[in-house]
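Read through the structure below, which is laid out as structure tokens, and then see the notes.
The values are calculated or read from the model by the stated rules, or taken from the named source; none is laboratory data. Every value quoted in this text rests on a predicted model; they were computed, and no experiment measured them. A quick note on method: Cβ atoms are made from the backbone with ideal geometry, for glycine too, and the neighbour counts reach across all protein chains shown. Only protein heavy atoms, including side chains, enter the accessible area calculation; ligands, DNA and RNA are left aside. Shrake-Rupley method; radii C 1.70, N 1.55, O 1.52, S 1.80 Å.
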Amino acid sequence: FIQDFSQAMSQAGSSQFQEVIRQELEYSMKVELDKILATAHSNEIEHTKKDLEGFKKLFHRFLQEKGPSVDWGKIQRPPEDSIQPYEKIKARGLPDNIASVLNKLVVVKLNGGLGTSMGCKGPKSLIGVRNENTFLDLTVQQIEHLNKSYNTDVPLVLMNSFNTDDDTKKILQKYSHSRVKIYTFNQSRYPRINKETLLPIAKDVSYSGENTECWYPPGHGDIYASFYNSGLLDNLIAEGKEYIFVSNIDNLGATVDLYILNHLMNPPNGKRCEFVMEVTNKTRADVKGGTLTQYENKLRLVEIAQVPKAHVDEFKSVSKFKIFNTNNLWIALSAIKRLQEKNAIDMEIIVNPKTLDGGLNVIQLETAVGAAIKSFENSLGINVPRSRFLPVKTTSDLLLVMSNLYSLNAGSLTMSEKREFPTVPLVKLGSSFTKVQDYLRRFESIPDMLELDHLTVSGDVTFGKNVSLKGTVIIIANHGDRIDIPAGAVLENKIVSGNLRILDH
């Protein structure tokens, strides 16, 4: 008994001790943030204050929570009717007055990311993807086509970050005559935290020059607060808008789907969904994607970072968790307003460790937009075709969307009818192709890939004009060697290695 009692006492002591440390950390953070705020110009004070308030809340929760935030034992498969097949939603057809439904919609694109992972400066949305068109061009063309076809007024809203705002605004002038109203708002700007001291590394509010590394945009989960704070949410509600369709600007498959929109506006059971997440079937390439589960009687998005280490393999299994989140989301504006005003949107914190150029280890506290699904009423997953998930994260993805696998029509890419099976080839381009400009230099023209299953390229390789790739093609230039695939070459089930010997595969 004495042993149990002393153990209980020491545990109580340690939790009290932890609480004291937590309070000290929060106090120190508050002191530092106040110092930063004191350096703001009068015209910056208001939004800097809002940003730092939001950050403080996130930091408070970060200190409260420890370890992966899901209890693995509580995870269940979602009930049958909570994830609907797209075919069933499409089978309902469309009403005659589709224009009046479309006029209730706002398209929101997440445009906070830079093109750095593909070796480009500036916003990722300004990278050329197809026939000189950028991600942003294609998005505007899609919505303009909708507005012209149905005589509607669907606006485009871009959520920028402090990294992308200036460049994006400059380019928006080129669309001033297009039939799309374009609005922007900025996501918050939060201070990066020194991993050792848990204090901000910024000393003042500026974020140019050497201070660029002190700040970060806190992930797309920030959309709810910053959309609300910008005043744009209220303006759109006042204009009679009811739903937003949110997606990543680099997902070229995320076009406005009229069947899903109709399902939202005219639900078969009369009860509207406040939140719809498009999910699609996992392939081996998607094992890390977040998945929808049932957790404490709510649909919940579980990301790999929240899974206890012992269960990561189970999480990645394609048989147990068959679907993943595409980050194409349909959300009711009135619900965002209600939850934001009650401070009731609950998203797990993602702790993102980074090492800065000078070697300093920092952490960024982030949230993901889809994680809020559990805070909304009557949420639904819709299992959509893979074609609605076509992200361009790397030059390997870029090769696919530039190729003859797709045709471009009014800003939308559709898989060529000449391809015999609906899946895309698996493409892995080596490090010589990582940067867009190097990648473009290595292809005189984009190869014919209609019959390709798998392509791996490694080392110093270039492709001449009108090359055709079929089946499985592996091209490996050893260190110091160079392989030039000649113009007009047809490679079918070939391994090309070292000194340009071509072997049958």
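Numbers at a glance
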| item | result |
| --- | --- |
| The chain, accessible area per residue, ligands and nucleic acids excluded (1.4 Å, Å²) | 48 |
| Spherically averaged projected area of the chain from its Cα convex hull (nm²) | 29.0 |
| Exposure of I182 as accessible area (Å², to 10), given a probe of 1.4 Å and all protein chains | 40 |
| F245 accessible area, assembled protein chains, probe 1.4 Å, Å² | 0 |
| Viscosity 0.890 mPa s, temperature 25 °C, Stokes-Einstein D of the stretch 395-497 from Kirkwood C-alpha radius, µm²/s | 177 |
| Where only alpha carbons of the stretch 215-292 are counted, the Rg and the Dmax (Å) | 15.5, 46 |
| Candidates per trypsin sites (Lys or Arg not before Pro) in the stretch 37-76, loop by DSSP, up to 14 other Cβ within 10 Å | K66 |
| Protein accessible area in the chain, 1.4 Å probe - carbon and sulfur % | 50 |
| Trypsin sites (Lys or Arg not before Pro) within the stretch 85-161: DSSP coil, no more than 16 neighbouring Cβ in 10 Å | R92, K121 |
| Among 396-402, 444-450, the order from most to least packed when residues are scored by Cβ within 10 Å on average | 396-402, 444-450 |
| For the chain: relative contact order, % (alpha-carbon pairs under 8 angstrom, 6 or more apart) | 15 |
| Kyte-Doolittle mean at least -1.0, axial Cα span of 18 Å or more - DSSP H helices of the chain | 2-37, 135-150 |
| Solvent-accessible surface (1.4 angstrom probe) belonging to L198, in square angstrom, nearest 10 | 30 |
| Sum of side-chain charges, V436 neighbourhood, beta-carbon under 15 Å (Lys, Arg +1; Asp, Glu -1) | +3 |
